[in-house]
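Report on the following structure.
What follows draws every value from the coordinates through simple rules; no lab data is involved. A quick note: this is a predicted structure, and the numbers were derived from the prediction, not measured. Neighbour counts are summed over all protein chains in view; Cβ atoms, including those assigned to glycine, are modelled from backbone coordinates with ideal geometry.
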Amino acid sequence: MTQQSSTASTPYAQGWRLAALLAVLLLINALSQIDRILPYILAEAIKTDLNLSDTQIGLMTGAAFAVCYTLLSLPLARAADRGSPRMVLLVCLVVWSAMTSLGGLASSFLVLALTRFGVAVGEAGAMPSGHALIGRLVPPERRGLAIGLFSMGIPLGTMVGFAAGGAIADTLGWRAALIGFGALGGLAALLALLIIPQTPALLRNEANTQPFLAAAFRLATSPGFRWLMLASLALGLGTASFYAFSAPFLIRTHGYTAGQVGLAFGLLQGLMGIAGTLLGGRAFDKARAGAGHVLRIPAIGLLIAAPTLAAGLFAPQGWMSIALFVPGMFAFAFLLPAAFSAAHLVAGPGRQALASSLVMIASGLLGPATGPLLVGMISDAVAEAGVANSLGYGLLIVPVGVALTGLACLVADRRIAERRRDDPASPN
């Protein structure tokens, strides 16, 4: 069946309405990232206050989040694709913000872990519903850049979360950081209610009448998308471990305070992320307009970043470690809009949220659930053996995951390019 427009008409947002839509989506995605990564910069304070081990920190920042995030991503993507992505996004925003604030009241590991489950429940629908809104309201030729702008919320949120979270932890304590940022989410929900328009209804076509699980299976088993999911899985292993333990690594190994790490590491992550997502989105639009390879440049960047990340773990000075982490920060961000846009390209109209959800499941299932936990276990074991820089050894998982991501992206790129050459009329 020939693909047709996914909406009854194409009332794409234009002018100031488009700018306002993208601005509020950027804000929501930034808050989502802040609430997700706050425990990373607060980990040392939480560990001391609640008397936790590195293994428990790994469970809290990895498995506790990943399980709910993964289980609910597909159902929420279905609701966004077939119903109202605006309503899905608003409800999810309220849920994860409330659970973030409740985390600031936790008095034990179990209670804190349960609040992280709650944050994951809300955030599971943020990315798919945001991408569905972009798919319905942004003109096709500008969607790569729009996804890049939306993805810019991740580095912005990381920068603010690390810098402000570290500063608040040093002055007011880790509980104030969680409660305060959770409250900001409630204000953002009111703004989103006013700015984000209702989306037009979907037409009944092949994209949205096929049974949901069948559509997901068909998409996940297509050659290009299958390798894209493998790349996402490896990326999740590397990035989740990196962000969960990079701040504790710099604090323990190089003697920084949480505020110093938040300022230096967070600022660099934010700047590299902003540049990476914008350039990555623009590069994808250019590659898609021609017969270019949409994932080749991001793959090369990841293969360059892997050895610099490994070197940063054993650098003699803290500033050298941070500098060697910078190529990885840029490569992670550059890949984001390209990976999601490539997934949407393969999936076709009306299945953007489904494609985003599958990529998120791949990146958020095995990697975040096991990566930080393995880093924590290796670190605890190395420390018990009396070896210095135990976290550096545990974090070697990061460059391995990044290198595997680059290789998988090269294969996915070739498969997608082959499909586009064989069938130029296909959405692939």
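Highest mean first, what order results for 317-325, 188-196 on Cβ atoms within 10 Å?
The densest-packed peptide leads the list: 317-325, 188-196.
Please compute the Kirkwood hydrodynamic radius of the range 84-179 from all pairs of different C-alpha atoms, in Å with one decimal.
One decimal place: 14.9 Å for the Kirkwood radius.
Sort the following peptides by mean Cβ neighbour count (other Cβ atoms within 10 Å, averaged over residues), highest first: 335-341, 81-87.
335-341, 81-87
If neighbour count is taken as other Cβ atoms inside 10 Å, put 141, 44, 418, 123 in order from fewest to most.
Listed from fewest to most nearby Cβ atoms, that is 141, 418, 44, 123.
Using C-alpha positions alone, give me the convex hull volume of the chain per residue in cubic angstrom.
Dividing the Cα hull volume of the chain by its residues yields 115 Å³.
Are there any helices in the chain, counted as whole DSSP H runs, that stretch 20 Å or more along their axis by Cα and score at least 0.0 on average by Kyte-Doolittle, and if so which?
Helices passing the filter in the chain: 15-41, 64-82, 85-103, 109-123, 153-171, 174-195, 223-254, 258-289, 296-312, 318-347, 366-384, 397-422.
Pull up all non-local amide H partners of residue 199: gap of 5 or more, or a different chain, and H-to-H distance under 5 Å with H placed in the peptide plane.
When sequence neighbours closer than 5 places are left aside, the close amide H contacts are 86.
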